[in-house]
1. Just to be sure, is residue 47 β-branched (Val, Ile, Thr) and farther than 23 Å from residue 185 by Cα?
2. Suppose we keep only residues that are in a loop (DSSP other than H, G, I, E, B) and of a type in the set (Phe, Trp, Tyr) within the range 149-181. Which one would you say is least open to solvent (accessible area, probe 1.4 Å)?
3. Residue 104 passes all but one of (1) within 17 Å of residue 2 (Cα to Cα); (2) buried (at least 20 other Cβ atoms within 10 Å of the Cβ); (3) without any contact (Cβ under 8 Å) to a residue 40 or more places away in the chain; which number fails?
4. Can you tell me which residue in the range 54-77 is most open to solvent (accessible area, probe 1.4 Å), limited to those that are touching a helix residue (DSSP H, G or I) at 6+ places or on another chain (Cβ under 9 Å) and not in a helix (DSSP H, G or I)?
5. Of all residues in the range 91-101, which are aromatic (Phe, Trp, Tyr) and either in a loop (DSSP other than H, G, I, E, B) or open to solvent by less than 30 Å² (accessible area, probe 1.4 Å) (or both)?
6. For the range 182-203, give me the residue count where each residue is open to solvent by 70 Å² or more (accessible area, probe 1.4 Å), modelled with pLDDT of 90 or more and assigned to a helix (DSSP H, G or I).
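The values are calculated or read from the model by the stated rules, or taken from the named source; none is laboratory data. Only a predicted model underlies this, so the values are computations on that prediction, with no experimental measurement involved. When we count neighbours, we look across all protein chains shown, and the Cβ atoms used for this are built from the backbone with ideal geometry, even at glycine. When the accessible area is computed, the model is the full protein with side chains, heavy atoms only, and any ligands, DNA or RNA have been set aside. Shrake-Rupley method; radii C 1.70, N 1.55, O 1.52, S 1.80 Å.
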Amino acid sequence: MNLELKNGAIFIADAHENDERKDFLAFLHALNDGQIKTPQLILMGDIFNMLVWQIHRTHEFAAPYVNLLENLASKGVEVLYIEGNHDFNVGQFFTKVKVFSLQNQPLILQSADKLVFRWAKFGANGAKFIGKATEFTGILQVALSHGDIFLPPFLAFALKSLRNPLLLKVLNFIDKLAFGKISAQILKNQKKKDLFYQIANFNTLATQRYAKYRANNALIIEGHYHQNAIINTKECKYINLPTFAYERSFFVVEW
């Protein structure tokens, strides 16, 4: 699939929506109502605290989001959904949204050779830009992943196993026998997760991750770590997106 990064694209990562946090739902309504406009919406994973096709009790909460995303896509907005470690096997929810699983990451987008990224926040009066813009030059490709690739072998195996549809169907059956108590407990535990932590020496980690992509001067964009970090040097061109749960934060790219 040959895809291009579009002028005015919006990047959103790690919204971690749950029954107590529905900021991204409000954002989708603003997009559908035309309050915010974009030709391309790129979801970088972990949009939900939990959404899995085989786990039926996750479906009801996600239904309005799925409907709004499909409606956006039907209006001509290209919606790219890069699966995370909290939302996976989600392709069957959609017919118009383009979904990219872990094994199809990084997703490579062709781009202009100069990109300007602007940090924005969504509020009651729509979206507004915050802080200084960051310009990347000499970029012809952008590589996107949620950020849970290039993991230690055991952890990578565990996460891959967890995505196995047969295993998930068994877990869903057990959850039904328990009247949903297992999935309810998982979701309850996820609400306690700290989304706003800072990783010490993150620039070192980002530089190491950039090398693993073998990017050849491409720009790497990830979520997962929630750091809102930008590295723009000759040796490393990297963005780690903020969690949308932090002040409804997201990035817009222009040229």
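1. When the stated conditions are applied, residue 47 does not pass them.
2. 150
3. Going through (1) within 17 Å of residue 2 (Cα to Cα); (2) buried (at least 20 other Cβ atoms within 10 Å of the Cβ); (3) without any contact (Cβ under 8 Å) to a residue 40 or more places away in the chain one by one, residue 104 breaks only (2).
4. 75
5. Hits for the range 91-101 are 94, 100.
6. Going through the range 182-203 one residue at a time, the tally reaches 2.
This table checks each residue for (1) open to solvent by 40 Å² or more (accessible area, probe 1.4 Å); (2) over 19 Å from residue 31 (Cβ atoms); (3) over 17 Å from the mean Cα position of the chain (by Cα); (4) without any contact (Cβ under 8 Å) to a residue 24 or more places away in the chain.
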site: 79; (1), (2), (3), (4): no, no, no, no
site: 82; (1), (2), (3), (4): no, no, no, no
site: 89; (1), (2), (3), (4): no, yes, no, no
site: 112; (1), (2), (3), (4): no, yes, yes, no
site: 126; (1), (2), (3), (4): no, no, yes, no
site: 134; (1), (2), (3), (4): no, yes, yes, no
site: 141; (1), (2), (3), (4): yes, yes, yes, no
site: 146; (1), (2), (3), (4): no, yes, no, no
